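S.K.: Handing you a structure now.
The values are calculated or read from the model by the stated rules, or taken from the named source; none is laboratory data. Since the structure is predicted, the reported quantities are computational estimates derived from the model, not experimental observations. Don't worry about glycine lacking a Cβ; one is built from the backbone with ideal geometry, like all the others, and counts go over all protein chains shown.
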Amino acid sequence: MELAAEAYVVIEKLKATLSDEITNKGVIQKALEEMRGFIANKNEEQRNNKEFKEWAEGCLHSLYCVEDTVESFALDIARQNKKWSFLMNHSQVLKNFMACKLTKKMERIPSDIKRVINKNHKGTGEQSACSSGTTTYMGNQNGGEAEDGDIENHNGEDSAKVRLISPNAQCSYPTIPERDELVLEVDRKPQRCISDMSLTLDHEKQANLMSTKKPRRCISDKSLWLDRETQARLMHTNSYDDKELEMFGIKEEVNDLVERLTTTADDGRAPIVQIAGKMGSGKTTLARAVYRNRKIRDHFENGCAWVTISEEFNKSDVLQNLLKQVGDSKDSADLTTNELETRLLECLKGKKYLIVLDDVQNDQMWEGLRSVFLDSQNGSTLLLITTSVSPMWYVSLPNCIHKVIKLSEEYSWNLFMKKAGWDTWEDGKEHQDLKQRVLKVCCGLPLNTVLFGSMLSTEGDTNRFDYLQKILHRNWKTKDIVSVSYTNLPDHLKLCVLYLVLFPKEYDIPVRRLFRLWLSEGFVNPKPDKFPEDVVQENFDDLVKRSLIQISKFRSDGSPRRCRLLGVLHDYLLPKAQNIRLFHVHCSTCSTEDSFPLNVRRLVEHASSKNIYSDASRFEHLRSYLSFNFQRKDTPAKEVGILLSRVITKGFGLLRVLDLEGVYKPSLPENLGDLFHLRYLGLRWTFLDALPSSVGDLPYLETLDVKHTNINNLPTSMWKSKKLRHLNLSHIRLDMPKHSDTDSLPTLLTLWGLFVDDESLVKNGLDRLSNLREAGITFCLSNCDHLLNWISKLTSLQSLRLRSINDVGHPSHFGKNPLYLSSLSSLSHLNLLGKLPNLPENLPQGLKVVTLSLSKLTEDPMPILGKLEHLNVLRLLADSYMEKEMVCPQGGFKELRVLKLWKLKNLEKWNVEEAAMEKLIEINIRCCNKLMSIPERLSNKRSLRELIITNMPEEFKQNVNKLTEHWDLILTFKDYDFTPLPWEHADHTSDESHTNE
């Protein structure tokens, strides 16, 4: 249950935040573990019991109370340290005083947790912990008066108790004694009573403000709108290769649909095609494979748009989303539905788009939209994805309905075996009976088959068969398979997968972004002797293996680049995330403050906020703020600044995550550094011009991402950060302090987008960064020896990009001495731009991806590169090799999948020797104008699937056409007008005399 998962995370935060010396956190941890264990031991029927649900609500409140108390205390300690730094640093009395106050405060928590547990043990005969009017924290067990600042009971109860408003009474979370009682007495007098305003608050008004009946989320799985640059572009990058299509048995269906969608009627009308099928039948998988097909992209010259809709149909939202995706830049926020429809018709008139409407569920939805797409002047093609077939779909040529067929038993069984991790299956009667029962459960539906098989893959080899026999005793339905796939997860993975629901439905999530968010949210189960990033990778791999996360985009080396949560899983998990109030989504229908619940913990923006943040108390416990409100690129997003300023001004500073990736120039307050708990600051693609200087004061900041911004410097105080792990820059030179008594950025693992010049301190500066795993550096140096010497000592480095430029920004040199990289045994990705004296002989054997640009090598690099046994991707780009002939040696390139040869202007002959490149899948040749043909020996490469030829001479095209006439591969010819890069016009002789030589 997700409540147990939340308990797990709170326990881990408790361990990380508090020290054993000053608190009795072990007692609290034990109580939480008891609660967690009690929840875990309940079966599904018991969990659906009304009394259990009420009891669980009380547990949730206790959990959040513990979390809020601990983190609020840490926040106040930090503020006192900042305000009274001298006293706090030199007075042990004050330190002991603060520690004592927290200890006494924490002593009350275990008894309250046990009270909640005991209420459930006593059954229905006693009033539920959550159904009573109050929940109390017990004071010091030896008796005693209320602590300074505790809220007194004004109804004659024991003064050692604190009254909490119960969930069923009025509030979303219990009111706990927090910051007011944790402030040093030298700062202000303690408050011992509730303010008059709180006491005189009208009960009806209080109920309206605090009721849990208020929607926790303003949309369920409502259309979550993204702009053209995110939604349509990312949808085009889905990675479904031929093997996967064959595995699902849909390759022929894809080809058929592509043919239908690219065919127009005799009267010029574009078709309307409907894909219909049951939940889990693979409708969206089929549609995505069609959407990314190369023929589709070539045919629909104006582009493609994809909109996911649901039962809460809003025509205006659909039309606005489509307008964004077809390139309409005008502001449409205040237009009526009729005006939006007129504008969309104007945009589509005479153009060819493919428009996909996903999850059209009823007649009303279609009737509301058909007027746009049945216009005779609209040359766009419509693809509908539905769960039903109805006569209302206006079926006449060239329109058609494509019913998704079930998987054949052969496909279904092979897919099940693959996902379960079995290579063979015995032929005995018992096994054959079991096989038929499996096929009955899978029902020919890809979702059932994939999830059912993946569920078994996590069992050990010896237990898998017994486990299969055990679970086949029940009558399975699709929703049961989805449910068990989730409930079988360990607690530490449940919140990880629930977290994906806060992203828009069908959204392609950058894996890099997801990993760092999980880390910052505290969802990582720490393991001894392992980096948290490695644990996150394990968690992700586990969820992928279980098929709960789908990889939607792979990098060329086969590693995941983007992922998503399947729509069916999104629908199933959304209520569970709501049950524990994991987050609140603000959308276009949430126009007033009344649409917000009290005490939001994670706020997800999908629409302009405007004036809804006037009551900052609603965000007192805010932990995360993520925005997908991609406004017009000429309108800075000011609302986030208003929210943050009010939260900070009110003294609320529990925010851990501030993710504004893609939001145009968000306003950030100057006192951002007061957000003591902030772990994640994501500003990628915001085009922000500057950072508040106080960012350097964030003591727990782990991720700072300012890639693709206009920020050109960071505060020097950043170098003092003890927790920063990932720093993504946008060509920024860092001013490192020359004298420092401590190691700078000791935990830094990622340093990407750094610019180094002669004013940068490398020796006794950057070279103090010794734990880097990823480094992306552009340098303009008169002597790069110190830099390259530092790089050669980064033994943990996994990814390295080095770019040498001169003082006008043109590619330059790596110096006279050869690169020394052999000590980088963990290096898997290498990208070098600039002239090399030669290619190093002893390259790290673990390299998987190598990219060379403007290296100007005069010796054939293939004999050296061919020895790299793990090399998957090789890119030889502009002027990386300057000679006429290139030979891939015999037996070399054993693992190479992708080869790119671009702008090798002198290359005339390319030869591949026997048994070389046996696993090659894709060849991409561009602007190699003297190359006459490709090697004939490539015809023997059965793995070769695609050959992409761009801007090559006609003679080359004819030779390749003739040579590949009988090859089984996709041959694509392209011709583009490339804008020359600045240095391609320049006289390169100027580089030869540069001091960087």
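S.K.: Report yes if some residue within region 638-651 is closer than 16 Å to K723 by Cα and assigned to a loop (DSSP other than H, G, I, E, B); otherwise report no.
M.R.: The answer is no; no qualifying residue exists.
S.K.: Could I ask something else about it? Which one of L519, L498, L514 is at pLDDT 90 or above, aliphatic (A, V, I, L, M), outside the structural domain of L445 (by TED's automatic domain parsing) and buried (at least 22 other Cβ atoms within 10 Å of the Cβ)?
M.R.: Answer to the check: L498.
S.K.: Of all residues being in contact with a Leu (Cβ under 6 Å, 6 or more places away or on another chain) and within 21 Å of L75 (Cβ to Cβ) in region 696-720, which is modelled with the lowest pLDDT? Just the residue, please.
M.R.: Within region 696-720, the match that is modelled with the lowest pLDDT is L698.
S.K.: So which residues in region 379-402 are at pLDDT below 80 and in contact with a Phe, Trp or Tyr (Cβ under 9 Å, 6 or more places away or on another chain), if there are any at all?
M.R.: Hits for region 379-402 are G379, S380, S390, M392, W393, Y394, N399.
S.K.: When the residues of region 565-587 are narrowed to those that are closer than 14 Å to T308 by Cα and not in a helix (DSSP H, G or I), which ends up farthest from the chain's Cα centre (by Cα)?
M.R.: Filtering region 565-587 for residues that are closer than 14 Å to T308 by Cα and not in a helix (DSSP H, G or I), the one farthest from the chain's Cα centre (by Cα) comes out as L566.
S.K.: If we scan region 487-497, do we find a residue that is polar (S, T, N, Q) and closer than 26 Å to R36 by Cβ?
M.R.: yes
S.K.: What helices (runs of 4 or more DSSP H) lie completely within region 463-540 and have 3 or more residues being more than 14 Å from L569 (Cβ to Cβ)? Walk me through it before giving the result.
M.R.: Values: elements: 464-471, 478-487, 491-499, 511-521.
It comes to 464-471, 491-499, 511-521.
S.K.: In region 681-692, is there at least one residue being modelled with pLDDT of 85 or more and of a type in the set (K, R)?
M.R.: Yes, because at least one residue in region 681-692 is modelled with pLDDT of 85 or more and of a type in the set (K, R).
S.K.: Hey, among the residues in region 534-554 that are in contact with a strand residue (DSSP E or B) (Cβ under 9 Å, 6 or more places away or on another chain) and in contact (Cβ under 8 Å) with a residue 60 or more places away in the chain, which one's farthest from E946 (Cα to Cα)?
M.R.: Only one residue tops the list, namely I551.
S.K.: Quick one: is L751 in a loop (DSSP other than H, G, I, E, B) and either out of contact with any Ser or Thr (no Cβ under 7 Å at 6 or more places or on another chain) or crowded, with 20+ Cβ neighbours inside 10 Å (or both)?
M.R.: no
S.K.: On to the next question. Could you list all residues from region 768-809 that are of a type in the set (D, E) and farther than 18 Å from L729 by Cα?
M.R.: Result: D785, D807.
S.K.: Would it be correct to say that G753 is out of contact with any Cys (no Cβ under 8 Å at 6 or more places or on another chain), at pLDDT 90 or above, of a type in the set (G, A, S) and at positive phi?
M.R.: So G753 fits the description; yes.
S.K.: Taking E984 as meeting all but one of (1) in a helix (DSSP H, G or I); (2) modelled with pLDDT of 90 or more; (3) under 39 Å from the mean Cα position of the chain (by Cα), write down the number of the exception.
M.R.: Every listed condition holds for E984 apart from (2).
S.K.: From the list S799, S812, which residue is farther than 22 Å from E885 by Cβ and under 33 Å from the mean Cα position of the chain (by Cα)?
M.R.: Checking each option against the conditions leaves just S799.
S.K.: Just one of (1) in contact with an Asp or Glu (Cβ under 6 Å, 6 or more places away or on another chain); (2) under 21 Å from E946 (Cβ atoms) trips up K856, so point out which.
M.R.: Failing condition for K856: (2).
S.K.: Checking L781 against (1) under 27 Å from K722 (Cα atoms); (2) buried (at least 16 other Cβ atoms within 10 Å of the Cβ), only one condition comes out false. Which one?
M.R.: (1)
S.K.: Quickly run through region 578-610 and pick out the residues that are over 22 Å from L660 (Cα atoms) and modelled with pLDDT of 80 or more.
M.R.: Scanning region 578-610 gives Q578, N579, I580.
For every residue, the table says whether it meets (1) under 19 Å from R942 (Cα atoms); (2) within 37 Å of the chain's Cα centre (by Cα).
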{"site": "G866", "(1), (2)": "no, yes"}
{"site": "E869", "(1), (2)": "no, yes"}
{"site": "N872", "(1), (2)": "yes, yes"}
{"site": "R875", "(1), (2)": "no, yes"}
{"site": "D879", "(1), (2)": "no, yes"}
{"site": "M882", "(1), (2)": "no, no"}
{"site": "L901", "(1), (2)": "no, yes"}
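S.K.: Spot the failing condition for Y411; the list is (1) outside any helix (DSSP H, G or I); (2) of a type in the set (F, W, Y); (3) under 21 Å from G277 (Cα atoms), and only one is missed.
M.R.: It fails just one condition, (1).
S.K.: I'm trying to understand the selection: among the residues of region 809-850, which are among the charged types (D, E, K, R) and at pLDDT below 90?
M.R.: K816, E841
S.K.: Still on this structure, I have one more. Quick one: A775 ticks every box in (1) assigned to a strand (DSSP E or B); (2) of a type outside the set (F, W, Y); (3) within 26 Å of E859 (Cα to Cα) except a single one, so which number is it?
M.R.: Condition (3) is where A775 drops out.
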